[in-house]
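The values are calculated or read from the model by the stated rules, or taken from the named source; none is laboratory data. Keep in mind the model is a prediction, meaning the values are calculated, not measured. Here the Cβ is made from the backbone with ideal geometry for all residues, glycine too, and neighbour counts use every protein chain on show.
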Amino acid sequence: MPKILRAIAMERCIGCYSCMLGCARLVHNSLSLIRSGIHVRSLGGLTAGFEARYCLACRPAFCALACPTGAFVQREGGGVCYRERLCIRCGHCARACPVNVILVDEETGFPVVCLQCGSCVNFCPHGCLAMVDAPSKEQPGTAGTAGEPDIKQR
Amino acid sequence: MFSQGYVRVMEIDLHEGRCRIHKREDLLENIGGSGLAAALYGEYGQPGEDAFAPEQPLIIAIGPLTGLFPLMSKAVLGFKSPYSGHYAETHAGGRLALAMRYANLDALVIKGEASHPVCLLLGEREFAVREGRHLWGMDTTMTARIIRSSEERGRGRRSILRIGPAGENLVKYACINVDTFRHFGRLGAGAVMGKKKLKAITILGEGSFSLPHGDYKKVYKKIYRKITTSGAMKKYHDLGTPVNILILNGLKALPTRNLSSTSFTGADSISGEYFAEKLLLRQIACSSCPVGCIHIGLLREKFAPEHEYYYRQVSYDHEPIFAMGSMLGVSLGEKVISLIDEAEKHGLDVISAGVALAWATEAYQKGLIGEKETLVPLAFGEAGSYRQALACLSGRVNDFYRLLGEGTLAAAARYGGSEFACTLGQEMAGYATGPAFFVSQAMGFRCSHLDTAGYQLDQEFDPCSVERALSYLLKEEKQRFILTSMVACLFARNIYTTEMLSEALEAAGLPHLALELETRAAALVKRRWQVKKSTGFDPLKVTIPPRFYQVETIRGKVNGEFIDALLKAYAGAIAAL
Ligand code: SF4
Ligand code: SF4
């Protein structure tokens, strides 16, 4: 069963940014807070708690529907696979994303997108993030809504 | 960026409202952080001029591992302290270090004075001097709120530094608030910012760099796992630094009521345990730190006769609790947190302000000063009066508060009472552990129990010989200097051993530094002392006030002769550098 990313317990988030830094370094080969598939930020000043903005693994993936070259293709379970060699840097994917989580790198023009690989989950020290079963074809759109999975503090 | 073979310095001139970028290969030999800040002060500083002279620089430096490895989460600020008149350092975490790294700013040198209040906006592709007049006079919370709402860019990846009224009014222990919960504290960096009419600095961390070649990913994962699985860091997340309140109280080493005592009957209700059970809302972390030691407590206060409350979130640590708690005889966590909040809003250093007010209270009790001076009746335990006194201190409302804002000894010089001043180069930190701590803080560069591990030495064993204590202090100083040059959080000192640092430096593409770390550090420690001496510091003239000689810990009365001997030996060692 394919898995998809869900921020299941952001109430626990300490705002350490380990998830973003891990994604940028290991997945996108970059030292940055920006070339990451997940973005944590405060809800308005550090007193307000944190939110995570990340790819919702849509099915259909609107970004892939909008992509004219096949650089973005629908991934089984939701979300997309991305092949840079096919990308012409038109930015249609980023504009199509309803939650605005595809970053178009200002320098290169290439999109930075979540690949649903789960690297960030391994870096979260507080169990805020998890890879959960993708919703089945029969019952789309229920991932992460069927109660909190049982996660232990590490 | 260090690992790309140079140090990128942004030199800012507030008078002209311009900046200049320097890419400096030659600065690499200073490691970064503490070493780099001292080197830049040597270059840009005006050691013979007044601390408030317009050309005095504020220098902020990160290190070669910032933005590459976890817990490399601090930035070092080097400046000439208006409090001591000497070169000083102060360190802060929060979002700052990573924002600087990703803004491609290895060091900032801020000189000159603006003609009217301004703010700075800095980034990888940004430099702007913005209006600050509408923010002048505002507290630290309101200032940040307005900046956040007027600038959308960089949310989540930016750092906001600002001063409060205390900094504007040049209180000599005004701090710079960093991202609400962290500070460049203690020796008056906030006042220097105030003198420069610089209300706030926003740094946008929006750039990115390619990874170093080779083993980087492997080493990064290894260090991350070590930190998150070793359990060594757990205590900092759990109760946090306030765990020390009861430990020190048990050792009779908790400064209480202006150090007239070292144990506090009210310790239980200001302890880390009490805070955790009654007031803790949550813990948060500096960027890149998976530990999360910043403890946020809830301040809830009734503001009308009906059931109407406001609430605020206030970060607490051992030091602020000691300063607003035991040192002032305030024995309830809720009251302590409201005093911390008050000091924070004004942008006063909480530790220095608390210790100064403790002296004022004893002076008041002894009749050296009266209500004509203090405007409110000061009495140990009376949180309400202290809250008002903090506002008076920040506002410098009369001669007395103006002098107290110069430091306890400045006020004592006028009103008497220097024999019970609790100052060790500045208002003391929260450890009445014994001679090694007293001597080490009296000499050091910053909040200072952190320059060496004097407080730890006192707790670990009764230093049997001056030589042994001295060599411990010197060794520890060098080790900590290496860490504060990287710039690591000192809580990670057991993770980042010399071997681990060498491995990290190598993976970062800095193999030479990895090899020469120890020897280079030894030379740089010496250089930092020389910079301090160039601003007029004479180690042989450092004295320790009488109150410290009366301290009684669990081991009995401190050995005054030992204090003197260690002071002399340490001063001699520093003077010889
Ligand atoms: S990137 Fe945006 S549009 Fe594409 S699958 Fe994820 S959330 Fe949907
Ligand atoms: S790693 Fe976890 S705790 Fe840290 S910022 Fe990401 S979601 Fe929050």
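Some points to look at:
- Checked against (1) at pLDDT 95 or above; (2) surrounded by 15 or more Cβ atoms within 10 Å (Cβ to Cβ), A:I88 passes all but a single condition, namely (2).
- Matching residues, the stretch B:304-337, being within 16 Å of B:T180 (Cα to Cα), touching a Gly at 6+ places or on another chain (Cβ under 6 Å) and not hydrophobic (A, V, I, L, M, F, W, C): B:Y316
- Scanning the stretch B:286-310 for residues that are more than 14 Å from chain A (Cβ to nearest Cβ) and part of a loop (DSSP other than H, G, I, E, B) returns B:P305, B:E306, B:H307.
- Odd one out for B:L281 among (1) more than 14 Å from chain A (Cβ to nearest Cβ); (2) more than 22 Å from the chain's Cα centre (by Cα); (3) of a type in the set (A, V, I, L, M): (1)
- Of all the criteria given as (1) of a type outside the set (K, R); (2) more than 16 Å from B:H346 (Cβ to Cβ); (3) surrounded by fewer than 19 Cβ atoms within 10 Å (Cβ to Cβ), the one not satisfied by B:A412 is (3).
- Flag: B:G154 does not match the condition of being assigned to a helix (DSSP H, G or I), in the same structural domain as B:G67 (by TED's automatic domain parsing) and of a type in the set (G, A, S).
Per-residue answers, yes or no, for (1) more than 26 Å from B:A391 (Cα to Cα); (2) crowded, with 24+ Cβ neighbours inside 10 Å; (3) in contact (Cβ under 8 Å) with a residue 24 or more places away in the chain:
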| position | (1), (2), (3) |
| --- | --- |
| B:P70 | yes, yes, yes |
| B:G93 | yes, yes, yes |
| B:A107 | yes, yes, yes |
| B:E113 | yes, no, yes |
| B:R133 | no, no, no |
| B:G137 | no, no, yes |
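- Restricting the stretch A:103-116 to residues that are away from ligand 2 (no atom under 15 Å from the Cβ) and under 17 Å from A:A7 (Cα atoms), the residue that is surrounded by the most Cβ atoms within 10 Å (Cβ to Cβ): A:V113
- Residues that are within 11 Å of ligand 1 (Cβ to nearest atom), part of a loop (DSSP other than H, G, I, E, B) and not small (G, A, S) were ranked within the stretch A:54-91; the one that is nearest to A:I38 (Cα to Cα) is A:C55.
- Answer residue from the stretch A:92-102, given it is away from ligand 2 (no atom under 16 Å from the Cβ) and either surrounded by 16 or more Cβ atoms within 10 Å (Cβ to Cβ) or not in a loop (DSSP other than H, G, I, E, B) (or both) and is farthest from the chain's Cα centre (by Cα) among those: A:H92
- Selection of the stretch B:180-208 for residues being surrounded by fewer than 24 Cβ atoms within 10 Å (Cβ to Cβ), within 14 Å of chain A (Cβ to nearest Cβ) and modelled with pLDDT of 95 or more yields only B:L204.
- Whichever residue in the stretch A:1-45 is more than 10 Å from every other protein chain (Cβ to nearest Cβ) and of a type in the set (K, R) and, among such residues, is farthest from ligand 2 (Cβ to nearest atom): A:K3
- Residue under evaluation A:A66, criteria (1) more than 10 Å from chain B (Cβ to nearest Cβ); (2) under 30 Å from B:L161 (Cα atoms); (3) surrounded by fewer than 21 Cβ atoms within 10 Å (Cβ to Cβ), criterion not met: (2)
- Of residues in the stretch B:73-106 being among the aliphatic types (A, V, I, L, M) and in contact with a helix residue (DSSP H, G or I) (Cβ under 6 Å, 6 or more places away or on another chain), the one nearest to the other protein chains (Cβ to nearest Cβ): B:A75
- Residues satisfying the stated conditions in the stretch B:147-175, i.e. within 11 Å of another protein chain (Cβ to nearest Cβ) and surrounded by fewer than 15 Cβ atoms within 10 Å (Cβ to Cβ): B:S149, B:R155
- Looking only at residues in the stretch A:37-46 that are buried (at least 18 other Cβ atoms within 10 Å of the Cβ) and not in a strand (DSSP E or B), the one that is farthest from ligand 1 (Cβ to nearest atom) is A:L46.
- Matching residues in the stretch B:35-68 - criterion: being surrounded by fewer than 24 Cβ atoms within 10 Å (Cβ to Cβ) and in contact with an Asp or Glu (Cβ under 8 Å, 6 or more places away or on another chain): B:Y44, B:Q46, B:E49, B:P54, B:E55
- The residue list B:A504, B:A523 contains one member that is part of a helix (DSSP H, G or I), without any contact (Cβ under 8 Å) to a residue 12 or more places away in the chain and among the aliphatic types (A, V, I, L, M), which is B:A523.
- Near pairs, Cβ below 7 angstrom, 6+ apart or cross-chain, from the stretch A:75-91 (free of Cβ contacts under 8 Å to residues at least 12 places away in the same chain and on the phi < 0 side of the Ramachandran plot) to any residue that is within 15 Å of ligand 1 (Cβ to nearest atom) and acidic (D, E): none
- Test: residue in the stretch A:46-60 that is within 15 Å of ligand 2 (Cβ to nearest atom), within 22 Å of A:G91 (Cβ to Cβ) and facing chain B (nearest Cβ under 10 Å): yes
- Positions within the stretch B:122-146 being among the charged types (D, E, K, R) and within 13 Å of another protein chain (Cβ to nearest Cβ), in sequence order: B:E124, B:R125, B:E126, B:R145
- Failed criterion for B:L65 (all others in (1) within 14 Å of chain A (Cβ to nearest Cβ); (2) at positive phi hold): (2)
- In summary, strands (runs of 3 or more DSSP E) completely within the stretch B:1-103 and bearing 3 or more residues that are among the charged types (D, E, K, R) occur at B:7-13, B:18-24.
- For A:C81, the test of being surrounded by 15 or more Cβ atoms within 10 Å (Cβ to Cβ), within 14 Å of ligand 2 (Cβ to nearest atom) and of a type outside the set (V, I, T) is failed.
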